[in-house]
Each structure stands twice: as C-alpha cells, then as structure tokens.
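Scroll down for the structure; my scribbles are underneath it.
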Amino acid sequence: MEVSLGQKHKPQQFNLLSFSKLHSSTPPSSSLARFSIESGNGELSFQQDSETNEVVRFNLTRSRLFKLSEVESICINQSEESSKKENSYSTAVNIKFRTEGESQAFHRAFEKWKKEAANAGTQLENGTVLASKSKFDDKIEPASAKMYFHYYGQLLHQQNMLQDYVRTGTYYAAVVENRADFIGRVVVDVGAGSGILSLFAAQAGAKHVYAVEASEMAEYARRLIAGNPSLGQRITVIKGKIEDIELPEKADILISEPMGTLLVNERMLETYVIARDRFLVPNGKMFPTVGRMHMAPFSDEYLFVEVANKALFWQQQNYYGVDLSALYGCAFQGYFSQPVVDAFDPRLLVAPAISHTLDFTSIKEEELYDIDIPLRFVASVGTRVHGLACWFDVLFNGSTVQRWLTTAPGAPTTHWYQLRCVLSQPIYVMAGQEITGRLHMVAHNAQSYTMYLTMSAKMWGPGAEQGGIIQTSSCKLDLKEPYYRMSQPQPYAWAQDQQPQQLLHSQDSPIQSQDAAGQGFVQQPTQNLYVPSDR
C-alpha cells in the first residue's frame, strides 16, 4: 500500500529568533517556521509574530537554503511562474536562529523534507524513484565530476593557483584598476574556490558579492572571508552548482577563473556562459571578457624522440620470457595521443601564430561543444614540423583599463604552461611553403575534449599555384590525459634565418584580426602583464 508524504510525516515546527524578507523595509521579527504537506506538495511556511501576522509560503521543491553563519541563513524560493521567465527574480528571506544547534537542526529538517517532497513528485508505478538531474549532471559523467570537485576542494591545489603570481596578480590588477565597474555593484563569483576573487571584488567596492562554489572548498572560503570581516560582511558564500542554485538578485558583473589547459579543458567555460544567461543583467560586465586560443607549427626533435622512445619498453622480446612486441604499435600511438604540457622556447615555432577568439559575452553554450579551427601557416624556415603548439590569453575589458593575461611562450610562465600536439609522422617544409590543416575539438562527458589534428604541406616552388598536397599527417589526442612535461624552456640554436620574436605576430595584432571580427579591443597582451613586486 502506498503511503503519502503527509501520512509519513507530521508537520514540523521551529521557533526562529528573527525572520525578514530580503531588501524589505519591514523590520525583522520573531517567527514560526513550519514544514508540512499542502495539496500533496512539500511546503515551508513562515508566520511572523507581528501585527500583520503575514504568512510566507515556499514550495520545497523550488527552494534552496544557504548558511551565512553559524546562526544565520538565507532561504530562496522561485515561483512556478517566474521560473518560466528569463529575467525573473526569486523570493528570498533572511533567517536567524538562537543557537548553532537550532540552525543545524533546521538545515537537517529542510534537506529531509525537500528530499521527501522531490521523491513524492517522481514516484513511478513500480515504486522506484526517478531522480532529477541538473544540466551539469546531464552532460558530465559522475566519476569525472566527483574527481573534479574533490581536486578543487583541497587547499594544496588552491595554493598552487594562488601562488601563480602572474594569474593572481593580473586578476587583482584587472579588478582594482577598474573600480568604476565594481563600486556599488552586485557581483557573482563563478566557481569561487578559496574566495580570493570575491575578496578582490569587495576591495574594489562591490555592494555585495555572491561567491558560488560547488566543491568542499566553499567551507574554506567561508572561513577565509570570515577572517576578513571588513570585506566579508558584503560577501555571501553559496555552496552549489551554477546550474542549480538560485540567487535573490541579478548581477551587474561576473568574475571567474574558468580557464583550463588550452583555455577550454574542464569545460568550465560552459558554466561561465550559463551564469551569464541566468544571472547577469543586460549589458553587464564579464571578467574575463574574451579568450583567444593561439596556434603555430613547431619543430622540436628532442621532444619527438622523447615521446617516441617511451614506447621502446614494448619492443622487448624476452621480458621474463614474454614477448611484448605485439603491443608496441598500440603503445606508440598511445603516447602520441597525449598532448604535451610544458614551457617551450618560442624560437621552436616555424611560422607566425594564428588565433581563434571566444567572446564570452555573446558565445552560446552549445558552440563550446564542438570547436572547429581551420589552420593555415606559411613556414618561415625549412625544417621538420613535429606538430602544433598552442597557448591562450584572456582579456579583462574594464571601463578604465584593459588587462591581458597571457600564457604565451616567452612570457612569464603560468601554471597553465603551454600545450603541444605532437605528430607521430612529422612533415617536411621549406621556407615560404604553405602549411594547412584543421584542429577539431569535440567535448566529451569527462569534462574535456577529444582533439583531431591534421597538418599538411602544400606544393612549393614551380607549379605550386596549381595547388595540391604533398604530405599529410594526423593524430587524435585526449585533452583530458596530457603528458605533464612542464620543463622550463631550454636554449636552442637559431634555426637558419629565423630571428627572435619573429613568429609571435598574433600576439602583437589587434583582437579584431583572425575570426574576432567586430571586436574593437586593441590592447596587446604582453604589454599589460602585471607581476607583483614580490615575485
């Protein structure tokens, strides 16, 4: 016999120290909070002990509860009507408890009743429960998400990013030098981590900052922010995914550090775009504003031999009496399927770089699922091309100062380093010869991309105007599984007629070049690099 939620649970009540609607002129008053079942739906109601005797009712399936301190919380409810509108606002109330124990009991009851209400709404005929999934859960496999949030929930990894002084210093400069964009504004920090960017925004004069963090790092962020009370009183930490949470107001500006290896790894850019669509006011600011992926062919015999030699282990024909050579071919291809992450000398580049631009203010989330970049270069030297070198930069398009954060070879090294896709079959080129190809990146549910790279050398010399391809090499790589070489760039002899800094032309070109048509940004990324004095 099926038992309804109302029969299983009697109403549960809590006496609150105070209760008030957010942004309401009505002073806080003591209140009675009551969990119950009304018309088959889980409900949380608040009845104020005041002259108005007003009752505020929240549907538990559309409500979220966030802890602001040991004895203070905020509860947000989105009405059924407003959930269908893009530019709608939620109802939010501030709750205060007499003791930390009462707060904990209320939060436990909220989660229990919310879970039961959700289960009651998704009962199937056979008695099983159809679990609801968020947009994030629909596209990311659970094992990857668990590992991802576990990684960023550890202080040692946050420290690694904080100690990247190029990264942290550039963010600090971009915020404090653009105070006009932050003073008196509402800010949402997307994937707040330790909360450092939220604190920067508060330093710049933000009216209020919502620091949204899905990992266990949210608790550390609360402690760090509480340790800076002059700033922390304007910061609310919300533990949850951007795809799932609700906020009591829209943001004037988004700030985030969503960049992974080659800009797009970890697929957090999609979350950044979702935050824009859900929470940013029209014409609001985004820090960062634009990202560019830069690519150029490279020649590095040492790296090629190093990768190829990794598979030599599998050529052994008497390994404890076992012939391993049957797996040599698979191992060889496996090592070349790993992008190489390290810092390299820019003199290894054999042609000027090209770029592919992502405008975070206008790009659609779906456009990040499949990224297709045509390649065309003209070789500056005659050499063997061993693959494609990649790096990225991002622009903070502030009203006062435009700041670039670059990971280019030759610039101060960041924790992102650079990335190189190594071909198992190099191609030969002469100076002036055209190199064409394609870099096709397809997102997968392990929060990364499968990369398909093809590079070809076109005919060169007499008759070249008739076209034709004389050499082609291709490879398939998994951006999720790189080879972290991470060595510092070594000095190399000059390659024939190659000159220093000759091949980083795309770093000195306006952002409207390549496929960034229509953008008016003219700042050069390496000229505004901010490095603190203690670096």
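Structure above, values below:
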{"read-out": "Positions within segment 244-293 being of a type in the set (Asp, Glu) and open to solvent by 20 Å² or more (accessible area, probe 1.4 Å), in sequence order", "value": "Asp244, Glu246, Glu249, Asp252, Glu257, Glu266, Asp277"}
{"read-out": "Residue match in segment 455-462 (condition: modelled with pLDDT of 95 or more and either outside the structural domain of Val381 (by the TED database) or not basic (Lys, Arg) (or both))", "value": "yes"}
{"read-out": "Number of the condition not met by Asp393 [criteria: (1) modelled with pLDDT of 95 or more; (2) among the charged types (D, E, K, R); (3) surrounded by fewer than 24 Cβ atoms within 10 Å (Cβ to Cβ)]", "value": "(3)"}
{"read-out": "Those strands (runs of 3 or more DSSP E) lying entirely in segment 367-477 with at least 2 residues touching a helix residue (DSSP H, G or I) at 6+ places or on another chain (Cβ under 9 Å) and over 30 Å from Ile183 (Cα atoms)", "value": "383-397, 418-429, 434-444, 448-458"}
{"read-out": "Selected residue (criterion: most open to solvent (accessible area, probe 1.4 Å)) from residues of segment 9-26 that are more than 40 Å from the chain's Cα centre (by Cα) and modelled with pLDDT under 85", "value": "Lys10"}
{"read-out": "Neighbours by Cβ (under 8 Å, 6+ apart or cross-chain): first from segment 139-161, touching a residue at least 60 places away in the same chain (Cβ under 8 Å) and small (Gly, Ala, Ser); second open to solvent by 90 Å² or more (accessible area, probe 1.4 Å) and not in a helix (DSSP H, G or I)", "value": "Gly153/Glu216"}
{"read-out": "Residue in segment 175-184 that is within 26 Å of Glu216 (Cβ to Cβ) and open to solvent by 60 Å² or more (accessible area, probe 1.4 Å) present", "value": "no"}
{"read-out": "Qualifying positions in segment 227-240 - open to solvent by less than 50 Å² (accessible area, probe 1.4 Å) and either in contact (Cβ under 8 Å) with a residue 40 or more places away in the chain or basic (Lys, Arg) (or both)", "value": "Ile235, Thr236, Val237, Ile238, Gly240"}
{"read-out": "Per-region count, segment 312-366, residues under 24 Å from Tyr483 (Cα atoms), part of a loop (DSSP other than H, G, I, E, B) and open to solvent by 30 Å² or more (accessible area, probe 1.4 Å)", "value": "3"}
{"read-out": "Elements of type helices (runs of 4 or more DSSP H) in segment 208-299, at least 1 residues being β-branched (Val, Ile, Thr) and under 20 Å from Tyr172 (Cβ atoms)", "value": "217-226"}
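The values are calculated or read from the model by the stated rules, or taken from the named source; none is laboratory data. No experiment lies behind these values; they were computed from the predicted model shown. Positions of Cβ are generated from backbone atoms using ideal geometry, with glycine treated the same way; all protein chains shown enter the neighbour counts. For accessibility, only protein heavy atoms count, side chains too; no ligands or nucleic acids. Shrake-Rupley method; radii C 1.70, N 1.55, O 1.52, S 1.80 Å.
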